[in-house]
Amino acid sequence: MASPTREETPSFTVAANALAELLEAKLMVATCRGDCQRLKDVLNKEDATTMVVVMATRKQDSPKPALASMNPELLAAACEGNQGELNLFLNRNRTQQGSVAILRSPDDVEEGVNMPAESRASLVDGVTVEGDTVLHVVAANGDDTNFLHCATFIMDLAGHLLFARNYNGDTLLHCAARAKKSKMVTHLIGHLARSQNNKLVKDLLRGENNSQETVLHAAVRNGDNDLVEKLLMDDSELAMFPEKGSTPVYLAILLDMGTIAQTLHDKSLSDDLCYYSGPNGQNALRAAALRSKGTHHLSLLRSN
């Protein structure tokens, strides 16, 4: 087939060929700061016909290792607060370098009771799609005797889960308090307190989620004045956290919870100004002014 004549060639192709004859293409790659400076020096020497195309790349963060999914049987037992099923599941399965071996005979089940604690503990490290551990699930689903026993059983088996966080940054205390399981909250704190390490207790209480809220914020949102009092008994400075963001006092006043605001005021150790802070430089006085029923709150703040 004959090649198209110049007259048959599209006009834009002709223009492109003509431009290519006039311009000399140069390829320069800058991979570091020094190369960028040399590129600038070259451009300063070129005439007005120079055309530059800049492409920037950003180093991708290393992907976080994916956590193992929680076994459905383990999840079901945790949701039901069934310690018997939890125990049977852990004794029926063994973890050997990441693989699970099924114990098949009744004798094996009895033998499983004596399996190393670290082998059983590895089975409870799986998470739900929200990133909840088995202890998160137990803490959020109940606080009767069965659930409390399950929590103790798991903490004795895998104490590191006490400080585990889900994908929202929530600790066990966040999940339990948000679900209005106040007995579970005090049970979890009490279990940690028995280690006689006050620092660990405060670290857990002051743990912030991705919304910069502690367990005390969750208690305030639920209007649980009793839990607020209990939390402040364990840490009288808890109402001052987070250091940046909305404090529980600000939140209580914003939500028009006068009784809780009074409790936070009376039971807290410090009257530091950060105790009343809110987002974007706001404070509790502004929050009170925004409320239609802010008279009590204003008097509370003016008394300080």
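So what's the range 168-256 giving for Rg/Rh, alpha carbon basis, Kirkwood Rh from the mean inverse pair distance? Working shown, then result.
Details: Rg = 11.9 Å, Rh = 12.8 Å.
Reported Rg/Rh (Cα atoms, Kirkwood Rh): 0.93.
I'd like the Karplus ³J(HN,Hα) series for the range 175-188: coefficients 6.51, -1.76, 1.60, θ = phi - 60°, whole numbers in Hz, and an x wherever there's a Gly or Pro.
Values per residue, Gly and Pro as x: 5, 5, 5, 5, 8, 6, 9, 5, 5, 5, 4, 5, 5, 5 Hz.
Starting with the fewest neighbours, write out Thr186, Thr247 ranked by other beta-carbon atoms found within 10 Å of each beta-carbon.
With the sparsest Cβ surroundings first, the list reads Thr186, Thr247.
What list of ³J(HN,Hα) values in whole Hz, one per residue of the range 249-258 in order, does the Karplus curve 6.51 cos²θ - 1.76 cosθ + 1.60 (θ = phi - 60°) give from phi, with Gly and Pro shown as x?
Working through the residues one at a time gives 5, 4, 5, 4, 5, 4, 8, 6, 9, x Hz.
Using θ = phi - 60° and the Karplus form 6.51 cos²θ - 1.76 cosθ + 1.60, what ³J(HN,Hα) does each residue of the range 227-232 get, whole Hz, x for Gly and Pro?
5, 4, 4, 5, 5, 6
A short reminder: the numbers here are calculations on the coordinates, not readings from a lab. All of these numbers come straight from a predicted model, not from anything done at the bench. Don't worry about glycine lacking a Cβ; one is built from the backbone with ideal geometry, like all the others, and counts go over all protein chains shown.
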